[in-house]
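Visitor: Right, I'll just put the structure down here and ask away after.
The values are calculated or read from the model by the stated rules, or taken from the named source; none is laboratory data. Every value quoted in this text rests on a predicted model; they were computed, and no experiment measured them. Cβ: placed from backbone, ideal geometry, glycine included. Neighbour counts: every protein chain shown.
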Amino acid sequence: MNYLFFCLWLFTNAAAFSQSPRQLRAFMQQTPSPAQAIPYGNNPKAGRYVQTKDARIYYEVYGQGKPLVILHGGIVGSTYEMGQFIDRLTKTHQVIAISTRGHGKSEMGSGLPSYERKAEDVNTIIEAVTKDSVLVLGFSDGAYTGYVLAGSHPDKVKKLIAIGAGEWKPGWRTFDNTRQSLFSLDSLYFSQQLALLPQPERFDEWLMSVNHYYNTVGIGKPVLGRIQCPVLVMAGEKDQNAPLKTVIAAYEMIPRGQLSIIPDAPHPAFLTNFPAVWASMLPFLGR
């Protein structure tokens, strides 16, 4: 896959899990688009659905081997952003790439899009795909979902790699995303995302529920302390959404935690320095 135009989409103030407005790229926007590019998150050849209690959730399966679940970031996130991981891991693993509720081709469901709900979605997909326990790789929102999944279903998660997810104290920042603020950053990206959503008319309602949840949620010792599996806690040194001190705090709360900091990297460390991220996680996966 050609990542020259890969989506460095995260932005600084308006949305959750961000980097810079000037670095946004539209979903699957490539000029020219290479013939071999795989449209992760919108690939009919690999796509499947599972029905959870209140939502139809979309996922894709690639490769063979030990099962590994991939979880993208929140709000501005998509399976496509995880493409470099999928490209590499498909060679040695059965990769299960999930579009979490409200993202891509997955329904929004009812109620708050909490990490508990997302973790149960993921658990339902794991049970549909494999009888084995899985490895989990999550970025930002996906990493927090991974924390909750590993704690609530210890028999399902062998190891977890959590990128850009530190201790989260309620009210540490204000989330007030709107359709207008998101579209002003990259209208093509969000137009494409809305085209994938099965319920685009609920987008504004969903944003309000996400804002409310992020403004009230807390992730600390009660969640992190009950994780039994090994966890590689990874972050960019200059991650502005999960500041270094919060990442170290999360690492210290996890009983079998390991820590990796990517020098001079922002929140999406793997988009700016994938070789360093890959080199750091490879020994962890192989143990």
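Visitor: Among the helices (runs of 4 or more DSSP H) lying completely within the range 193-278, list those that include at least 2 residues that are β-branched (Val, Ile, Thr) and in contact (Cβ under 8 Å) with a residue 12 or more places away in the chain.
Guide: Values: elements: 203-216, 221-224, 244-253, 269-272.
Where helices (runs of 4 or more DSSP H) fall fully within the range 193-278 and carry at least 2 residues being β-branched (Val, Ile, Thr) and in contact (Cβ under 8 Å) with a residue 12 or more places away in the chain, they are 203-216, 244-253.
Visitor: Let me ask something else. State all residues of the range 26-45 that are at pLDDT 90 or above and either under 19 Å from the mean Cα position of the chain (by Cα) or under 22 Å from residue 159 (Cα atoms) (or both); if no residue qualifies, say none.
Guide: Of everything in the range 26-45, those that are at pLDDT 90 or above and either under 19 Å from the mean Cα position of the chain (by Cα) or under 22 Å from residue 159 (Cα atoms) (or both) turn out to be 40, 41, 42, 43.
Visitor: Could you list, in sequence order, all residues of the range 150-176 that are among the hydroxyl-bearing types (Ser, Thr, Tyr) and in a loop (DSSP other than H, G, I, E, B)?
Guide: Filtering the range 150-176 for residues among the hydroxyl-bearing types (Ser, Thr, Tyr) gives 152, 174.
Passing the criteria: only 174.
Visitor: Among (1) free of Cβ contacts under 8 Å to residues at least 60 places away in the same chain; (2) part of a helix (DSSP H, G or I); (3) farther than 26 Å from residue 234 by Cα, there is one condition residue 122 misses while meeting the rest; what is its number?
Guide: (3)
Visitor: Tell me the residue from 81, 116 that is under 29 Å from residue 181 (Cβ atoms), touching a helix residue (DSSP H, G or I) at 6+ places or on another chain (Cβ under 8 Å), surrounded by 23 or more Cβ atoms within 10 Å (Cβ to Cβ) and of a type in the set (D, E, K, R), please. Quick ask: steps written out before the conclusion?
Guide: Values: 116 fails: surrounded by 23 or more Cβ atoms within 10 Å (Cβ to Cβ).
It is 81.
Visitor: A follow-up question, please. Within the range 57-82, track down each residue that is closer than 23 Å to residue 206 by Cα, hydrophobic (A, V, I, L, M, F, W, C) and modelled with pLDDT of 95 or more.
Guide: 57, 70, 71
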